[in-house]
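Here's the structure we're looking at; comments come further down.
The values are calculated or read from the model by the stated rules, or taken from the named source; none is laboratory data. Quick caveat: nothing in here was measured; it's all calculated off a predicted structure. Every residue, glycine among them, receives a Cβ derived from its backbone with ideal geometry; neighbour counts consider all protein chains shown. In case anyone asks, the SASA skips ligands and DNA or RNA and just uses the protein heavy atoms, side chains included. Shrake-Rupley method; radii C 1.70, N 1.55, O 1.52, S 1.80 Å.
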Amino acid sequence: MALDTVNQLVTLSDAKEFLKITAASEDAVITSMVNRASHWANSYTQRLLLSRENTDYYDGDGTGVLTLNQYPVTALSNLYDDPLRVFGAGTAISVSDDVVLEGAYGIIRLWNNTQAFLKGILNVKVVYTAGYALASVPEPIKEAVLLYIAHSYRRGHIDQRFGVVSETIGDRTTSYSSDDIPQKAKTLLNPFRSERVYVGAV
C-alpha cells in the first residue's frame, strides 16, 4: 500500500514515532492507517486540507465577493465570469489588477475595473491552490490524525476488539469505549470544520 500523497496529513515516520514503532514490518499497516486517518480528517472538517490545485465553479450573485470552497488559498491562478460558461480569454478577470484575495479565509473581493460578478448559474470559474503544505499542517490537525491512527492500530490491529465493549477475565471486568473515533481527535479538528460546500477528496 502506497501513501496517498494527495491527502496525507502526517508522514509514515510521524505515525511510527507516535506509535513508538521502529521496525519496518508494520509499515504497510501503518501506511494504510495514515491514508484512512487523513481521509477521515478531510471528511470531518468538510475540507481538502492538504495543498492542491482546485478548479471550482460558482453561481454569480451580483456582488463583488466570492467565498471559495477551500482555504487557506496560497495562489489564485485564473478567474473567469461568463454566463455562457465558455470561459474564454475575453471573460477572464485580472487576478493581479482587479482582485483582492483574503487567502487565509478563501475570500475573493473584486475591485478596480471589475466591481461585481454577473448573476448566473455556475458562471464563475476559479482556478486556485488551497490547503496546507505537508510540512505546515497545523499541529492540532496532525495530532488528531495521529490519535485516529493510534486508536485504529491498538484497537483493531493489536487487540482486535471489533465490537467488543467489555471483557471479563476472572473477577476483573474491563470496559472499553465504543467510539470508533477518539473524542479528543474530533475536539482538535472542530475549529477547522467548514460549513461551505465540500468537494470530496481525490
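If you take the residues of region 10-40 that are among the hydrophobic types (A, V, I, L, M, F, W, C) and over 20 Å from P138 (Cα atoms), which of them is surrounded by the most Cβ atoms within 10 Å (Cβ to Cβ)?
Let us first name the residues in region 10-40 that are among the hydrophobic types (A, V, I, L, M, F, W, C), namely 10, 12, 15, 18-19, 21, 23-24, 28-30, 33-34, 37, 40.
Filter again for over 20 Å from P138 (Cα atoms), leaving 21, 23-24, 28-30.
On the way: I21: 15, A23: 7, A24: 10, A28: 11, V29: 15, I30: 24.
Looking at residues that are among the hydrophobic types (A, V, I, L, M, F, W, C) and over 20 Å from P138 (Cα atoms), I get I30.
From the list S43, S51, S13, which residue is of a type in the set (S, T, Y), at pLDDT 95 or above and within 26 Å of Y80 (Cα to Cα)? Working first, answer last.
Working: S43 fails: within 26 Å of Y80 (Cα to Cα); S13 fails: within 26 Å of Y80 (Cα to Cα).
Answer to the check: S51.
One line per residue, one yes/no per condition, for (1) among the hydroxyl-bearing types (S, T, Y); (2) within 30 Å of A75 (Cα to Cα); (3) at pLDDT below 95:
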residue: Y128; (1), (2), (3): yes, yes, no
residue: P140; (1), (2), (3): no, yes, no
residue: I149; (1), (2), (3): no, no, no
residue: V165; (1), (2), (3): no, no, yes
residue: T168; (1), (2), (3): yes, no, yes
residue: L189; (1), (2), (3): no, yes, no
residue: F192; (1), (2), (3): no, yes, no
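Looking at region 88-109, is at least one residue part of a loop (DSSP other than H, G, I, E, B), without any contact (Cβ under 8 Å) to a residue 12 or more places away in the chain and open to solvent by 60 Å² or more (accessible area, probe 1.4 Å)?
Yes, the conditions are met somewhere in region 88-109.
In the condition set (1) modelled with pLDDT of 95 or more; (2) in a loop (DSSP other than H, G, I, E, B); (3) within 23 Å of Q46 (Cα to Cα), P83 is compliant with all but (3).
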